[in-house]
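Engineer: Next up is a structure, given as structure tokens.
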Amino acid sequence: MGPLIRQAESIERLRRHWALRSSFSERLPGGLTVAHPSLCASNARRSVIGQRGFTLIELLVVIIVAAVITGMVTLSGSPSPDRVLRQDAERLALLLSLAREEAQVRGAPIRFESDSSGYRFVIFRDRQWRTVADDGDLRPRPWSTETRLLIERADGTASLEFGRDMVEAPYRVRMQRPGASVTIVANGLGSFDVVD
């Protein structure tokens, strides 16, 4: 008996609902029924209210995508230690070439000096070696990371000094950092090439 009574109650509720709804509608000529404008507006408001905002899943997906993109940009934006070492070697090769030319133009020897924290160029003036202060390119510079330089010359000299000579013996300058190494090859005619 219980299910039949519940079903009858449901049918009665539906009849009352439709009866109420028909009282808010108007009959047009031709048998068409149009709902009352206030009823249409309330239905439209209800449908708009139900569609406002984002679900939690949508927000989480957007946050995860933004985090992944940020991570990729961060990783690609930071250069690898090998790349930084190569850039430092290319800069040093250009500066060695410039120091060689400056020594020839000035008619005074220029020496390259370095330690694990940085490097500098010194010029021989007034019977002593002085840091090149009047040239912004040959100013003292720090290494970005602790760096060890090994100079390989045929005569065994462990320093680089440029003078008035247009031709000198070829040599190599090996730059080493933890886990990376690169070599600057000088042909003795003013060409400096960076090789891995």
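Engineer: Out of 93, 167, 133, whose Cα points farthest toward the positive end of the dipole of the stretch 81-195 (charges: +1 Lys, Arg; -1 Asp, Glu; placed on Cβ)?
Structural biologist: Going by the Cα projections, it comes out as 133.
Engineer: Using DSSP to call loops (not H, G, I, E or B), can you name the trypsin sites (Lys or Arg not before Pro) in the stretch 138-187 whose Cβ has at most 16 other Cβ atoms within 10 angstrom?
Structural biologist: When the trypsin sites (Lys or Arg not before Pro) of the stretch 138-187 are filtered for loop state and at most 16 Cβ neighbours within 10 Å, 164 remain.
Engineer: Considering the dipole of the stretch 97-196 built from charges on the beta carbon (Lys and Arg +1, Asp and Glu -1) around the Cα centre, which of 176, 107, 118 is farthest to its positive end?
Structural biologist: So the residue we want is 118.
Engineer: Let me ask another. Output ³J(HN,Hα) for the stretch 188-194: one whole-Hz value per residue in order, computed from phi by the Karplus curve 6.51 cos²θ - 1.76 cosθ + 1.60 with θ = phi - 60°, and x for Gly and Pro.
Structural biologist: Once θ is set to phi - 60°, the couplings for the stretch 188-194 become x, 10, x, 9, 10, 10, 9 Hz.
Engineer: With +1 on each Lys and Arg Cβ and -1 on each Asp and Glu Cβ, how big is the dipole of the stretch 81-195 about its Cα centre, in debye rounded to the nearest 20?
Structural biologist: Working: 18 positive and 18 negative charges, 38 e Å.
About 180 debye.
All of the numbers you see were taken from the coordinates with simple rules; none came from a lab. Not measured: the values here are computed from a predicted model. No Cβ is skipped: glycine too gets one built from the backbone with ideal geometry, and neighbour counts run over all protein chains shown.
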